[in-house]
Amino acid sequence: MREVAVKFCIIFLLLISPSVSASKKKQKYHKPCKQFVLYYHDILFGGIGGNDPVNSTSAAVTNVTKLGNFNFGMLAIFDDPMTKDNHLLSRPVARAQGFYFYDMKTDYDAWFAYTLVFNSSEHKGTLSILGADTMMEKTRDLSVVGGTGDFFMARGIATFETDTYQGNGYFRLKMDIKLYECY
């Protein structure tokens with residue numbers, strides 16, 4: 001008798017509860033409150049920039065390990081110029097300051113953590129960006145996790161796209177930054 005009462009309660013609860021749809025719920029994406037494109041230029045000391053500290057914007061602080069052929073274990077610290085176009089000699093609108101390290105033995109893959117430092121008539125403040133750069137993908141999304149000044153508490157996505165790559169010496173990334181929380 002008790003089992004019948006339990007089954008009755010379960011059936012009753014299923015009948016009065018909201019129905020669950022098996023169809024995929026359509027995600028509603030909001031438009032960004034701020035969006036802009038910047039180009040990140042990285043010249044590795046000892047690479048294409050040679051051993052000239054004036055031209056170099058980054059330096060490897062750990063050596064590549066012998067675990068694979070994909071720079072696994074290399075950690076680079078950088079202070080790279082950010083421009084509005086893809087020309088290295090254009091006037092920088094910000095500096096990208098942080099580090100990246102290669103973290104995959106079987107393919108090129110890196111993890112970035114850096115701050116974009118703006119100090120111009122257009123913007124003042126910072127944006128903090130971090131995440132995995134799966135380099136073999138055409139585009140990759142990293143998280144914008146905060147900011148200061150004009151970007152106070154900003155949240156969003158920075159979409160990376162490799163614009164050019166010249167070995168370990170120089171690479172340029174196109175960054176499409178979309179902010180979804182702006183205060």
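Any read-out appearing in this document is the output of simple, stated calculations on the displayed coordinates, not a laboratory observation. Values in this document were obtained by computation on a predicted structure and should not be read as measured data. No Cβ is skipped: glycine too gets one built from the backbone with ideal geometry, and neighbour counts run over all protein chains shown.
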Under the condition of being of a type in the set (Ser, Thr, Tyr) and touching a Ser or Thr at 6+ places or on another chain (Cβ under 6 Å), which residue from the range 69-108 is nearest to Ala158 (Cα to Cα)?
Thr83
Please go through (1) within 16 Å of Leu173 (Cα to Cα); (2) surrounded by 17 or more Cβ atoms within 10 Å (Cβ to Cβ) for Asn86 and return the number of the only condition it doesn't satisfy.
(2)
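Report whether or not Thr106 is β-branched (Val, Ile, Thr) and either in a strand (DSSP E or B) or in contact (Cβ under 8 Å) with a residue 12 or more places away in the chain (or both).
Considered against the rule, which asks whether it is β-branched (Val, Ile, Thr) and either in a strand (DSSP E or B) or in contact (Cβ under 8 Å) with a residue 12 or more places away in the chain (or both), Thr106 comes out as yes.
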Those residues of the range 156-172 which are crowded, with 16+ Cβ neighbours inside 10 Å, within 15 Å of the chain's Cα centre (by Cα) and of a type outside the set (S, T, N, Q) amount to Gly156, Ile157, Ala158, Phe160, Arg172
